[in-house]
Amino acid sequence: MTRTQFIETLAQEAGVDKKQAKAFLEAFTAVVERTMIAHDEVPLAGLGKFKVSDRKARVGRNPLTGEPVQIPAKTVVKFTIARVLKEAVLKA
């Protein structure tokens, strides 16, 4: 599904025009972005949860040569899918 198709489907489901659906999606994205930058969680009932996680520096291996490579610490965004949605997808 493309972004345009998502906006069209969202507009149909909500009973609003595409312009309003696009504005909602942009506002929603901005709120999630600000919350993630603040290292807070964003729970979405029935969908899942966005959260920020800090990974420690570690030593990995170059798969080609097998020599050790230092992997730096970094911050990553994780999304944990809700159990209800996971079960629904598995049943489909």
For this session: State all residues of segment 44-74 that are out of contact with any helix residue (DSSP H, G or I) (no Cβ under 8 Å at 6 or more places or on another chain) and either hydrophobic (A, V, I, L, M, F, W, C) or not assigned by TED's automatic domain parsing to the domain that holds E87 (or both); if no residue qualifies, say none.
Result: L44, A45, A57, V59, L64, V69, I71, A73
Exercise. On the given criteria, is V59 at negative phi, in contact (Cβ under 8 Å) with a residue 12 or more places away in the chain and surrounded by fewer than 10 Cβ atoms within 10 Å (Cβ to Cβ)?
Worked result: yes
Problem set entry | Residue under evaluation F79, criteria (1) under 21 Å from T29 (Cα atoms); (2) part of a helix (DSSP H, G or I), criterion not met | (2)
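The values are calculated or read from the model by the stated rules, or taken from the named source; none is laboratory data. Being a predicted model, the structure only gives us computed values, none of them experimental. Cβ coordinates were reconstructed from backbone atoms using ideal geometry, including for glycine residues, and neighbour counts include every protein chain displayed.
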